[in-house]
Amino acid sequence: QPIRYSAWPAVLEGIKRGDCDLLGTLTRTTEREAFLDYTSAYLSVPNVLYVNETSSLKTGFDELAGRRVGVVLNSGAHSWLKTHHPEVHIVPATNTQEALKLLSLNQLDAVLEALPVAGYVISENAYTNLRALPEIVFTVPQHLATRKGQSTLRAILEKGLASVPVEERMRIFSRWTGEDPSRPKHLVPSWVWKIGAFLLLAVAGFAAWNTSLRRLVARRTRDLQESESHFRRLLEDLPVAAAAAAADGRVE
């Protein structure tokens with residue numbers, strides 16, 4: 001039976017109270033080990049930085065010192081951010097939708113979130129003015145987790161996970177995120193490929209036009225040379241003297 005919560009901190013409080021038995025796609029942290037038992041890791045999820053289309057940011061944390069970076073409160077990304085980048089101004093949000101909405105309104109400089117989660121929220125809410133920076137910030141193993149003491153349930157989950165081959169997990173992950181997990185650890189958005197293809201076509205078109213222009217100039221130059229040679233021969237072969245006078249009386 002699925003149980004819905006309005007925010008991630010409420011999920012953690014709910015499992016502490018015994019409202020629910022199982023959490024999926026969970027990052028393992030020291031704090032959570034006090035009240036959760038984990039299965040083996042079954043996939044790794046890339047986390048990336050999202051920025052507004054109007055942002056000049058290109059490289060990530062190198063440019064983010066002192067800037068506002070949104071992250072879901074008490075999430076795995078929140079713990080990672082506090083540990084690895086204390087130089088940024090961390091802005092905790094209730095959920096991913098809230099963080100991305102603030103980013104869409106230019107009230108944040110960036111948002112750190114798991115790629116599949118952010119991709120889903122952006123699609124569902126039509127945040128068309130957001131983009132991911134190209135480099136994957138970090139990748140963390142994901143687990144299923146149960147309340148402490150539920151060893152039978154955890155054993156069932158482990159057996160179920162073991163029955164799914166790695167190749168099938170890869171296919172599921174690709175369907176979920178639209179990304180190939182076997183790719184190098186750099187995320188290149190589709191718009192980069194589209195712009196690259198357009199530029200390639202433009203360069204090819206310019207090269208073809210330039211080649212055609214060079215041929216045309218060479219042909220016209222050859223025609224002029226032949227015409228000049230022709231009239232020079234006519235002048236030199238005349239049986240009488242010939243001269244040209246300019247309008248001011250100069251003889252050429």
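The values are calculated or read from the model by the stated rules, or taken from the named source; none is laboratory data. Everything numeric in this text was worked out from a predicted model, so none of it was measured. FYI the Cβ positions are ideal-geometry reconstructions off the backbone, even for glycines, and counts take in every protein chain you see. Note: accessible area is taken over every heavy atom of the protein model, side chains too, but ligands, DNA and RNA are not part of it. Shrake-Rupley method; radii C 1.70, N 1.55, O 1.52, S 1.80 Å.
Quick rundown of the values:
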quantity: Portion, in percent, of the accessible area of the chain that falls on carbon or sulfur, probe 1.4 Å; calculated: 58 percent
quantity: Surface per residue (accessible, 1.4 Å probe) for the chain, Å²; calculated: 64 Å²
quantity: Base-10 log of normalised Debye intensity for segment 1-50 (one unit scatterer per alpha-carbon) at q = 0.13, 0.19, 0.20, 0.24 Å⁻¹; calculated: -0.37, -0.76, -0.83, -1.09
quantity: For the chain, size of Cβ-based charge dipole, Lys and Arg +1, Asp and Glu -1, in debye; calculated: 460 debye
quantity: The chain - convex hull of alpha carbons, volume per residue in Å³; calculated: 222 Å³
quantity: For segment 57-71, 3J(HN,Hα) per residue [Karplus equation, 6.51 cos²θ - 1.76 cosθ + 1.60, θ = phi - 60°, Hz, x = Gly/Pro]; calculated: 5, 10, 10, x, 5, 4, 9, 9, 4, x, 8, 7, 10, x, 7
quantity: Fraction of beta bridges assigned by DSSP in the chain that are antiparallel (%, nearest 5); calculated: 75 percent
quantity: Exposure of Ile3 as accessible area (Å², to 10), given a probe of 1.4 Å and all protein chains; calculated: 80 Å²
quantity: Net length gained if the chain between Thr139 and Arg215 were fully extended (0.36 nm per residue, minus Cα distance); calculated: 21.9 nm
quantity: Projected label distance in nm at Arg4 and Leu153, using a 7 Å step from Cα toward the beta-carbon; calculated: 2.1 nm
quantity: Burial ranking of peptide ranges 6-12, 61-67 (average Cβ count within 10 Å, highest at the top); calculated: 6-12, 61-67
quantity: Theoretical FRET efficiency, 1/(1+(r/R0)^6), r = Cβ-Cβ of Glu228 and Phe198, R0 45 Å, to 0.05; calculated: 0.50
quantity: Virtual spin-label span in nm between Tyr120 and Leu105, 7 Å along Cα→Cβ; calculated: 2.4 nm
quantity: Full-extension gain in nm, Trp176 to Glu252, via 0.36 nm per residue minus C-alpha separation; calculated: 18.9 nm
